[in-house]
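Student: First the structure, then my questions, so here it is.
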Amino acid sequence: RETQTKFSQARIQHVEKFLGLFCDTLASITRKNARLRDKGDLLSKYIMEYAGAEKANVTTQNSLVKFAENFSAIQDYRQAEINRLEAKVVRPLASYGDVCKHMKSIVKSSTVSHNKELKQKQQLEKLRQKAPGDRHQIAESELQRASKDAVHYSQALEGEMAKFEKEKIVDLKTVLADFVSVEMAFHARALEFYAKCAENVASIDEHVDLEVKRPSEMLFSNKIK
């Protein structure tokens, strides 16, 4: 039973440590995506403002407006990515803090019952050597009760550990699959809109824009006529 307890403690500590690290790291990735979304929104805003004031260059203005709209759409998809990461990845991993805490309490109960059984055995051995019969019988009865409790908690621990190990594997598999799925979905949509942004940039025609006369040039031309 002592070996079972130590093994269970080691397994729980291992899971608690690494799933905690997974959770912290993925939560950090999610927060960085949120900051990236904010900066993306800001860039879209500035490009749109610039385009609004770019009256002299028609193709530049039109292309930048569309670029800003498409780039802003990427940030909307990034927000959806963030929401899904929080719901499907970070929260399930964070819940393992409570799961491991619960498992530790089960191990503790098993340890307490095992220690109580050992203590009763030691007391019984002492009484066998020097105590009268009645006290000897009482000690044996208490030992039987302690042994029964120890067996009960040991079996409970074994069952809970089997359940814990299985759920841990299933949950880790699900979380990582969801993480990859969320990232693939975002990047697929983002790639689509980045392609549109590239088309928007390519549609800027500096030759056409430079051919459009500024108001001062048009005024000068009219005076010559």
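Student: Taking a threshold of 32 Å on the Cα-Cα distance, which of the pairs Lys108/Lys168; Lys104/Lys173; Lys45/Lys173; Lys88/Lys163; Lys55/Lys196 fall above it?
Tutor: Values: Lys108/Lys168 20 Å; Lys104/Lys173 23 Å; Lys45/Lys173 40 Å; Lys88/Lys163 21 Å; Lys55/Lys196 23 Å.
Beyond 32 Å: Lys45/Lys173.
Student: So, one more: Fully extended, how many nm does the chain gain between Ser95 and Phe18 (0.36 nm per residue separation, minus their Cα-Cα distance)?
Tutor: Extending this stretch completely gives an extra 26.4 nm.
Student: Ranked highest first by average number of other Cβ atoms within 10 Å, how do 70-77, 172-179 line up? Before the final figure, lay out each step's value.
Tutor: Details: 70-77: 18.4, 172-179: 15.0.
For the peptides 70-77, 172-179, the packing ranking is 70-77, 172-179.
Student: Which of the peptides 87-93, 161-167 is most tightly packed, and how do the rest follow, going by the mean number of other Cβ atoms within 10 Å of each residue? Spell out each step's value before the answer.
Tutor: On the way: 87-93: 17.9, 161-167: 13.6.
Taking the mean over residues of other Cβ atoms within 10 Å, the ranking is 87-93, 161-167.
Student: Based on the Cβ-Cβ distance from Leu36 to Glu69, what FRET efficiency comes out when R0 is 25 Å, to the nearest 0.05?
Tutor: Efficiency for this residue pair is about 0.85.
Student: Still on this structure, please answer the following. Determine the sum of side-chain charges near Ile82: Lys and Arg each +1, Asp and Glu each -1, restricted to other residues whose C-beta is under 12 angstrom from that of Ile82.
Tutor: Summing Lys/Arg as +1 and Asp/Glu as -1 gives +2.
Student: Between Ser109 and Lys45, what length in nm is gained on full extension when 0.36 nm per residue of separation is reduced by their alpha carbon distance? Please list the in-between numbers first.
Tutor: On the way: separation 64, 0.36 × 64 = 23.04 nm, distance 5.94 nm.
Full extension of this stretch gives 17.1 nm more.
Student: Follow-up. What is the gain in length, in nm to one decimal, between Asp76 and Met184 on full extension, counting 0.36 nm per residue of separation less the C-alpha to C-alpha distance?
Tutor: 37.3 nm
Student: So how do 202-209, 14-21 stack up, highest first, on mean other-Cβ count within 10 Å?
Tutor: Output ranking for 202-209, 14-21: 14-21, 202-209.
Student: Here's a follow-up. I need the phi-derived Karplus couplings for segment 7-20: 6.51 cos²θ - 1.76 cosθ + 1.60, θ = phi - 60°, integer Hz, Gly and Pro marked x.
Tutor: 4, 5, 4, 5, 5, 5, 4, 4, 5, 4, 5, 7, 5, x
Values quoted throughout were computed directly from the atomic coordinates according to the rules given, and no laboratory measurement underlies them. Source: prediction; values computed, not measured. Every residue, glycine as well, gets a Cβ built from its backbone with ideal geometry; the counts of neighbours run over all protein chains shown.
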